[in-house]
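Report on the structure given below.
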Amino acid sequence: MFNSLTERLSSTFKNLRGKGRLTEADIDATAREIRRALLDADVAVPAVRQFIKQVKERALGEEVSEALNPAQQVVKIVQSELEEILGGETRTLQLAKTPPTVIMLVGLQGAGKTTLAGKLSKHLKQEGHAPMLVAADLQRPNAVKQLQVNGERAGVHVFAPHPGVSSEHEDPTGDPVEVAKAGLEEAKNRQHDVVIIDTAGRLGVDQELMQQASDIRAATNPDEVLFVIDAMIGQDAVATAQAFNEGVGFTGVVLSKMDGDARGGAALSVKYITGKPIMYASTGEGLGDFEVFHPDRMASRILDM
Amino acid sequence: LAQDDIDEDVWDEIEETLLMSDLGTDPAMELVDRLKERVTVEGTRDPEAVRTMLREELIKMVDPTMDRRLAATRKDGKPAVMMVVGVNGVGKTTTVGKLARVLVAEERNVILGAADTFRAAAAEQLTTWGERVGVETVRSEQEGADPASVAFSAVEAGIQQEADVVLVDTAGRLHSKANLMEELGKVKRVAEKQAPVDEVLLVIDATTGQNGLMQAKVFTEAVDVTGIVLTKLDGTAKGGIVVAIQRQLGVPVKLIGLGEGADDLAPFETEAFVDALIAS
Ligand SMILES: Nc1nc2c(ncn2[C@@H]2O[C@H](COP(=O)(O)OP(=O)(O)OP(=O)(O)O)[C@@H](O)[C@H]2O)c(=O)[nH]1
Ligand SMILES: Nc1nc2c(ncn2[C@@H]2O[C@H](COP(=O)(O)OP(=O)(O)OP(=O)(O)O)[C@@H](O)[C@H]2O)c(=O)[nH]1
Ligand SMILES: [K+]
Ligand SMILES: [Mg+2]
Ligand SMILES: [Mg+2]
């Protein structure tokens, strides 16, 4: 049932008898090991600090159960606290009362937005919707073509009035804000009930591009702005989540590349920093590799259990 | 006793700075211990002096003496061959484009090989980069073609055209996927039927956390990585994970990526990297 972290912790406790309540010394010794486990899992330093404080407070009040040693006991508390934070109010996509529903994807360069656009459209199509993709990344070389290929694979219409940067067009063609706006009109005319807008990757510190994302949002009034973040990200998750939350504002989070072996502490960081729900996990390069986020699995993964 | 003047807060702050740069718990704690030792031995009482020591110790750890040169000249009548590898979305294709730009500026003849035959529009993306910097891209018109045979053809073209360098772009792949790592090994082996691969550059995204070490280990086992390219340093991420990579695997960071444009590639410089790492 319990493995590595607990085993490590158990050795911390071999001299303790573990009766009655957990003592402060018990908890301090455990907290150090847990702190390290969380840091090794890339949970953000400020999130770790806050989290450990919370766990300590809760552990101090806890009765020691007969069946568990103090280490197991504290780990159980950690796991349930983690699950609670990661879960919070989980929810599925918010659909517009009057279609079309607009979903905008944002995130750092290479996070997995364009792939997610294909995945979401395929998923929604299977659920009986008629989604349409909008190619509003006119900057990354051949991003438009990449979205078109994904759209073709998913069997959904792609609105791509400008080819963006490609061999024929060294400089970006068209304005992403105009494309997004026109995409919305196109969807209404063609009676699509969901519009998914793919945007260019951008850094938190790039104010010009952050403004552009904010303008796209203002022009299309999305029902969901999904922040796509790579599960392999480290401590930068804090600065990046903050920048996107303040610069564009997002309504939900998608953790990508969850098919790898990264522990994914960023999940906790982003939740801690923004409070926004983690909605989906992206789990591969194929368009079907996409699932609803499971807080309990994520908690175990972060703790390496 | 001297340590009394430098209170726990100073040590905590230093440790947190290091952790927040993705240096990792082991190197961070090791550095703090090393500093505590020096403070005791040298009798330092000034927190500022500790910061100077931190910089010195970090520079030692990052090791300015490592050989960070690129093998980019013809050998035995054949072009230098470089492969660019890494997990998904880190900046491989962009790096190939930027590197071609640098080589072209040095008046070398360069050929690109589009051995990412998997991701949507990957070959088109590389071709755009090729046109941007004025070099030919060898690719397959067929989606899902064998990447090894594209690499083979690219090196073959390089030999025929007496190019100086052949740069082979490969598909992003997670190191945890054994079949994809096996495929990458094959790409290298098949390319080597034409000419030895002189450089295997592993691209690490500066935002990468502790998983980066595992990436480097597995890629090195599969294709014997000769250098790291640390991309996306133009953001807020510090890229501290490369310190552990260099130390554990002995593979130096050779280049850094500083943006999405053709000129945003630079040599790695230890002191600048360390200064950015500890700047808050
Ligand atoms: N293994 C794995 N790869 C993924 C996943 N999601 C995306 N990718 C890959 O990650 C790389 C980048 O994905 P994109 O969808 O192009 O990312 P993006 O955010 O649109 O990138 P930019 O537009 O350049 O900012 C591609 O190689 C994708 O195939 C995932 O869940 N797992
Ligand atoms: N800000 C910044 N963005 C970069 C840098 N290098 C690459 N990018 C961007 O990162 C994204 C991914 O770059 P690619 O070169 O397509 O990455 P890749 O590793 O080839 O991706 P796959 O082939 O899909 O695995 C693109 O949007 C690039 O423009 C860099 O140094 N800084
Ligand atoms: K940086
Ligand atoms: Mg994209
Ligand atoms: Mg690529």
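Points worth noting:
- Contact annotation: residue pairs with Cβ atoms under 8 Å, 6 or more positions apart or on different chains, pairing a residue in the stretch B:196-223 that is touching a residue at least 60 places away in the same chain (Cβ under 8 Å) with a partner that is among the basic types (K, R) and within 16 Å of ligand 1 (Cβ to nearest atom), are B:V203/B:K92; B:D205/B:K232; B:Q210/A:R263.
- Subset of the stretch B:221-261 (residues that are outside any helix (DSSP H, G or I), aliphatic (A, V, I, L, M) and crowded, with 19+ Cβ neighbours inside 10 Å): B:V225, B:I228, B:V229, B:L230, B:L233, B:A237, B:V251, B:V253, B:L255, B:I256
- Selected residue (criterion: nearest to the other protein chains (Cβ to nearest Cβ)) from residues of the stretch A:218-239 that are out of contact with any Leu (no Cβ under 6 Å at 6 or more places or on another chain) and assigned to a helix (DSSP H, G or I): A:A239
- Unmet requirement for B:A279, which otherwise passes all of (1) modelled with pLDDT of 95 or more; (2) within 14 Å of another protein chain (Cβ to nearest Cβ): (1)
- Restricting the first member to the stretch A:183-209 and to residues that are over 19 Å from A:G128 (Cα atoms) and without any contact (Cβ under 8 Å) to a residue 40 or more places away in the chain, and the second to residues that are aliphatic (A, V, I, L, M) and within 11 Å of ligand 2 (Cβ to nearest atom), the beta-carbon pairs closer than 8 Å and six or more apart or on different chains are A:L209/A:A200; A:L209/A:L203.
- Within the stretch A:52-69, residues that are of a type in the set (S, T, Y) reach partners that are at pLDDT 80 or above with beta carbons closer than 9 Å, at six or more positions or on different chains, in the pairs A:S65/A:Q73; A:S65/A:K76.
- Screening the stretch B:9-124 for helices (runs of 4 or more DSSP H) wholly inside it with 2 or more residues that are among the hydrophobic types (A, V, I, L, M, F, W, C), free of Cβ contacts under 8 Å to residues at least 60 places away in the same chain and farther than 26 Å from A:S167 by Cβ returns the ranges B:25-42, B:47-62.
- If you check A:E291, A:E208 for being over 22 Å from B:T207 (Cβ atoms) and surrounded by fewer than 22 Cβ atoms within 10 Å (Cβ to Cβ), only one passes: A:E291.
- Scanning the stretch B:118-152 for residues that are of a type in the set (S, T, Y) and buried (at least 21 other Cβ atoms within 10 Å of the Cβ) turns up B:T127, B:T128, B:T137.
- Looking at B:G158, B:G144, B:G134, just one residue is more than 15 Å from ligand 5 (Cβ to nearest atom), closer than 25 Å to A:G151 by Cβ and touching a residue at least 12 places away in the same chain (Cβ under 8 Å), and that residue is B:G144.
Per-residue answers, yes or no, for (1) modelled with pLDDT of 85 or more; (2) under 13 Å from A:L303 (Cβ atoms):
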{"site": "A:S4", "(1), (2)": "no, yes"}
{"site": "A:L9", "(1), (2)": "no, yes"}
{"site": "A:T12", "(1), (2)": "no, no"}
{"site": "A:N15", "(1), (2)": "no, no"}
{"site": "A:A29", "(1), (2)": "no, no"}
{"site": "A:V45", "(1), (2)": "yes, no"}
{"site": "A:R49", "(1), (2)": "yes, no"}
{"site": "A:Q54", "(1), (2)": "yes, no"}
{"site": "A:R58", "(1), (2)": "yes, no"}
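- The residue that is farthest from ligand 1 (Cβ to nearest atom), among those in the stretch B:165-220 that are in a helix (DSSP H, G or I), among the polar types (S, T, N, Q) and under 13 Å from B:G86 (Cβ atoms), is B:T220.
The values are calculated or read from the model by the stated rules, or taken from the named source; none is laboratory data. Note that the structure is a prediction, hence the values are computed from the model and not measured. Cβ: placed from backbone, ideal geometry, glycine included. Neighbour counts: every protein chain shown.
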